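Trainee: My questions will all concern the structure given below.
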Amino acid sequence: MTRTQKTMVGRSLFWVWMMLCLVAPTQQVGAATLETRIKAAFLYKFCSYVEWPTDTFSAPDSPIVIGVVADKDIVQELNQAIKGQHVHNRPLNVRAYDTTAVPSGVHLLFIGRSVLSSAPRWLDRMQGKAVMLVTDIPNGLDSGSGINFDLEGDRLRFDVSLAATTAQGVRVSSQLLSVARRVRNPAQ
């Protein structure tokens, strides 16, 4: 089997697993909820389907940094998910931020509903930077998020705003767009 075929099989298996997770109820599993684990898995895998400008990284082996605002459970799950993993030949790092810090050097930033009241301020702080903004807030795409999670019944879904991702200076692969619940085009 060629490397390309292995990559395609691996990605296919990932999406089958993710689709199964989408149907799973959000229930308590150990310290974290299944919803938290699925969000962490999505955040990790989003990195595989996002392309940042080349000048975003200081070196060819610089890590992709996933930032998380005020959600220690997601941080914990992400740290477990990324152990030893690489995306685009880059290691992954997770950084936790409190609600007062302004992240720098981050490539994907998750802003969860726990900071709902300050989420618009966070989104404003990050505008114009090559950062994939992912939220978990009502109408997150309207606030400038590139990807927004939404719990639909007992299923975790996500929507994508191409206008926001373009404004953020990142490109999202068509493979990710194909599994999004909704894709908002720039004209919408």
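The values are calculated or read from the model by the stated rules, or taken from the named source; none is laboratory data. Since the model is a prediction, treat every value here as computed from it, not as a measurement. Reconstructed Cβ throughout: ideal geometry from the backbone, glycine too, with neighbour counts over all protein chains shown.
Trainee: Being modelled with pLDDT of 90 or more and either within 21 Å of residue 177 (Cβ to Cβ) or outside any loop (DSSP other than H, G, I, E, B) (or both) is true for just one of 47, 21. Which residue is that?
Mentor: Every option except 47 fails the conditions.
Trainee: What do you reckon, is residue 162 of a type in the set (A, V, I, L, M, F, W, C) and farther than 19 Å from residue 74 by Cβ? Steps first, please.
Mentor: Details: of a type in the set (A, V, I, L, M, F, W, C): yes; farther than 19 Å from residue 74 by Cβ: yes.
So residue 162 fits the description; yes.
Trainee: Considering each residue of segment 50-64, count those that are closer than 16 Å to residue 85 by Cα and either assigned to a helix (DSSP H, G or I) or aromatic (Phe, Trp, Tyr) (or both), and give that number.
Mentor: 0
Trainee: Quick one: would you say residue 177 is closer than 19 Å to residue 52 by Cα and touching a residue at least 40 places away in the same chain (Cβ under 8 Å)?
Mentor: Judged against the criteria, residue 177 is not a match.
Trainee: Working only within segment 64-81, note down all residues that are in contact with a helix residue (DSSP H, G or I) (Cβ under 6 Å, 6 or more places away or on another chain) and either surrounded by fewer than 21 Cβ atoms within 10 Å (Cβ to Cβ) or in contact (Cβ under 8 Å) with a residue 60 or more places away in the chain (or both).
Mentor: Within segment 64-81, 70, 73, 81 meet the criteria.
Trainee: Within segment 126-135, which residues are modelled with pLDDT of 90 or more and either assigned to a helix (DSSP H, G or I) or not hydroxyl-bearing (Ser, Thr, Tyr) (or both)?
Mentor: If the condition is that a residue be modelled with pLDDT of 90 or more and either assigned to a helix (DSSP H, G or I) or not hydroxyl-bearing (Ser, Thr, Tyr) (or both), then 130, 131, 132, 133, 134 are the ones that fit.
Trainee: Here's a follow-up. Looking at segment 140-151, can you tell me whether even one residue there is part of a strand (DSSP E or B), of a type outside the set (D, E, K, R) and loosely packed, with under 14 Cβ neighbours inside 10 Å?
Mentor: Taking segment 140-151 and keeping what is part of a strand (DSSP E or B), we get 147-151.
Within this subset, residues satisfying the condition of being of a type outside the set (D, E, K, R) are 147-149, 151.
Checking the rest, the ones that are also loosely packed, with under 14 Cβ neighbours inside 10 Å come to 151.
Checked segment 140-151: at least one residue is part of a strand (DSSP E or B), of a type outside the set (D, E, K, R) and loosely packed, with under 14 Cβ neighbours inside 10 Å.
Trainee: Continuing with this model, one more query. Report whether or not residue 105 is crowded, with 24+ Cβ neighbours inside 10 Å, modelled with pLDDT of 85 or more and among the small types (Gly, Ala, Ser).
Mentor: Here the answer is no, as residue 105 does not meet what is asked.
Trainee: Here's a follow-up. For segment 52-63, give me each residue that is surrounded by 16 or more Cβ atoms within 10 Å (Cβ to Cβ) and under 21 Å from residue 128 (Cβ atoms).
Mentor: 52, 56, 57
Trainee: Residue 160 passes all but one of (1) assigned to a helix (DSSP H, G or I); (2) of a type in the set (A, V, I, L, M); (3) under 27 Å from residue 34 (Cα atoms); which number fails?
Mentor: The number of the failed condition is (1).
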